[in-house]
1. Taking the Cα atoms only, what angle lies between the long axis of helix 170-193 and the longest principal axis of the chain, rounded to 10 degrees?
2. Subtracting the Cα-Cα distance from 0.36 nm times the residue separation, let me have the gained length for Asn54 to Leu192 in nm, one decimal.
3. Cα axis of helix 2-35 to longest principal axis of the chain: angle in degrees, 0 to 90, nearest 10?
4. Taking all protein chains in place and a 1.4 Å probe, what share, in percent, of the accessible surface of segment 95-142 do carbon and sulfur account for?
5. Find how many whole Å separate the alpha carbon centroid of segment 123-194 from the alpha carbon centroid of segment 54-93.
6. Of the listed values (i) 188; (ii) 160; (iii) 118, identify the label whose number matches volume of the Cα convex hull per residue in Å³ calculated from this model.
7. What full-extension length gain, to one decimal in nm, is calculated for Arg25 and His148 as 0.36 nm per residue of separation minus the Cα-Cα distance?
8. Using a Gaussian network model of the chain whose springs link C-alpha atoms within less than 10 Å, name the residue from Glu65, Glu96, Glu161 with the highest mean-square fluctuation.
Amino acid sequence: MKTLFRLLLGCLVLGSIACSAQDIRSHMEQMKTAYTASGSIVVLDGQTLVIEPNMPGPICALPREEDGKIAWYRYSFPLSSITVSLTDVDESLMSEDRVFTNPEAPSAYKPGDKGDAVMVVVVGMPGKKFRALIYDRDKLEHLGPGPHGSSDYGQVPDQVEAFGLTFNDTAAAHAFVASLRNAVRLAKTQALAR
């Protein structure tokens with residue numbers, strides 16, 4: 001009887017791992033679909049993504065009220081690609097902010113105006129970093145037409161604790177974040193079961 005119980009328990013554990021692997025893949029496919037207008041995502045294995053944003057990425061301006069005045073913060077994530085192991089993501093620290101990508105936005109801004117894009121920021125677990133390829137925005141912008149090698153726009157490897165992705169579509173940003181959160185949770189559950 002104990003042997004039969006152990007066999008059934010083993011089958012349940014293996015079955016739940018197989019189901020969660022299928023769910024992770026479906027969440028990865030949802031992320032790929034949501035990110036299509038902003039770049040591409042390649043799935044390396046069941047728990048690792050390579051995200052390749054369209055280049056050049058926009059400079060995002062984010063207004064914040066400070067001491068009764070509007071202060072503008074500018075963010076730029078010059079990523080050629082970033083490799084993301086799902087278990088390295090802190091799903092509790094993901095954020096979505098409405099941002100302005102038009103350089104004239106600070107001079108034309110009126111309180112209550114909504115940004116034209118959504119910036120999603122993904123943060124790693126404490127002590128974890130993501131492998132990235134970054135580029136020099138100025139070099140990229142000054143390249144003429146024609147094919148160019150990565151050294152022409154200053155591409156170099158880097159390690160980052162967080163990164164931002166920009167979406168022109170709010171619904172796509174929400175779908176990406178929801179799918180990433182779910183995939184991260186499933187990946188961490190699978191890692192604990194092993």
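The values are calculated or read from the model by the stated rules, or taken from the named source; none is laboratory data. If you're wondering where the values come from, they're calculated on a predicted model, not measured in any experiment. FYI the Cβ positions are ideal-geometry reconstructions off the backbone, even for glycines, and counts take in every protein chain you see. Quick note on the areas: whole protein, heavy atoms, side chains included, nothing else; ligands and nucleic acids left out. Shrake-Rupley method; radii C 1.70, N 1.55, O 1.52, S 1.80 Å.
1. Around 40 degrees separate the two axes.
2. On the way: separation 138, 0.36 × 138 = 49.68 nm, distance 3.48 nm.
Difference between extended and current length: 46.2 nm.
3. Once rounded, the angle reads 20 degrees.
4. Working: 1500 of 2850 Å².
Reported share for carbon and sulfur atoms: 52 percent.
5. First find each Cα centre; the distance between them is then 11 Å.
6. (ii)
7. 40.9 nm
8. Residue with maximal mean-square fluctuation among Glu65, Glu96, Glu161: Glu65.
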